[in-house]
1. Can you pull out the strands (runs of 3 or more DSSP E) entirely within region 138-209 that have at least 2 residues that are crowded, with 22+ Cβ neighbours inside 10 Å and in contact (Cβ under 8 Å) with a residue 24 or more places away in the chain?
2. Answer yes or no as to whether Ile29 is modelled with pLDDT of 80 or more and surrounded by 19 or more Cβ atoms within 10 Å (Cβ to Cβ).
3. Does region 105-122 hold any residues that are among the polar types (S, T, N, Q) and farther than 13 Å from Thr177 by Cα, and which are they?
4. Please list, ordered by first then second residue, the pairs with beta carbon atoms under 7 Å, 6 or more apart or interchain, first in region 107-132 and part of a loop (DSSP other than H, G, I, E, B), second small (Gly, Ala, Ser) and surrounded by 15 or more Cβ atoms within 10 Å (Cβ to Cβ).
5. Out of (1) under 14 Å from the mean Cα position of the chain (by Cα); (2) in a helix (DSSP H, G or I), what's the single condition that is false for Asp45?
Amino acid sequence: MKKLLALLFSLFLLSSPSVFAGDISDFEIEGISIGDSLLDYMTEDEILKEIELSQSLNEYSYLKEPNKYVEVYLYKNFPNYDFLTFFVKNNPSNKYITEKDKKYEVLSIRGIIPYNEDFNTCIAKRNEIVEGLSNIFPNADKLEDFIIHPHDPSGDSFIDAINFEFDLGSAAIASCTNYEETFRINNNLVEGLSISIKSKEIVNWITDY
């Protein structure tokens, strides 16, 4: 029990009671919050390299506006995750932005723990976390969501998610991804547990396909 509580409070650190009115920006994953600048955690060269790689993978081609935002990966020795990903606006040059805290503004944070070919263990861990999140987010709408992954033409890849939706349109999501094995290997994908917090604009964008 102590291990679970330690994990939960490291995933989401409450800094203001306003979150219970629908504000996800006061939560952190590995010390990073919605609205932060990625420049506080990565160099601009590192960010641009990740943006270029993300665009070449074209992972969100199934969306109506696939290039509106871009995903940036950050690999380091995090206490709880193998790596994090972020969504930022797809404006690599930031040529119209002069304030550092507005450059590469974090609009979504996702922590990943791989469970390749171990979906049942992933679901068990996700359900433990969801139980704790239900106590942390008592006023959020909790919804189950089973999604056939639109990027896999075989139809055999899916996401099993629990969404905590807030009044202002933001969301916290705990999910397990299970890719069809050939698709996963051919595309060098990682499947497993994902814990994310998303701003309203990212929620709207990523569900519009």
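The values are calculated or read from the model by the stated rules, or taken from the named source; none is laboratory data. Nothing here was measured: the structure is a model prediction, and the numbers come from that model. Cβ: placed from backbone, ideal geometry, glycine included. Neighbour counts: every protein chain shown.
1. Qualifying strands (runs of 3 or more DSSP E): 171-178, 192-198.
2. yes
3. Applying the first criterion (among the polar types (S, T, N, Q)) to region 105-122 yields 108, 116, 120-121.
Within region 105-122, just Ser108 meets the criteria.
4. That search, which allows pairs on different chains as well, returns Leu107/Ser199; Tyr115/Gly192; Asn116/Gly192.
5. The number of the failed condition is (1).
Conditions (1) modelled with pLDDT of 90 or more; (2) among the polar types (S, T, N, Q); (3) within 26 Å of Lys64 (Cα to Cα), marked per residue:
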{"site": "Ile112", "(1), (2), (3)": "yes, no, yes"}
{"site": "Cys122", "(1), (2), (3)": "yes, no, no"}
{"site": "Lys125", "(1), (2), (3)": "yes, no, no"}
{"site": "Ser134", "(1), (2), (3)": "no, yes, no"}
{"site": "Asp167", "(1), (2), (3)": "no, no, yes"}
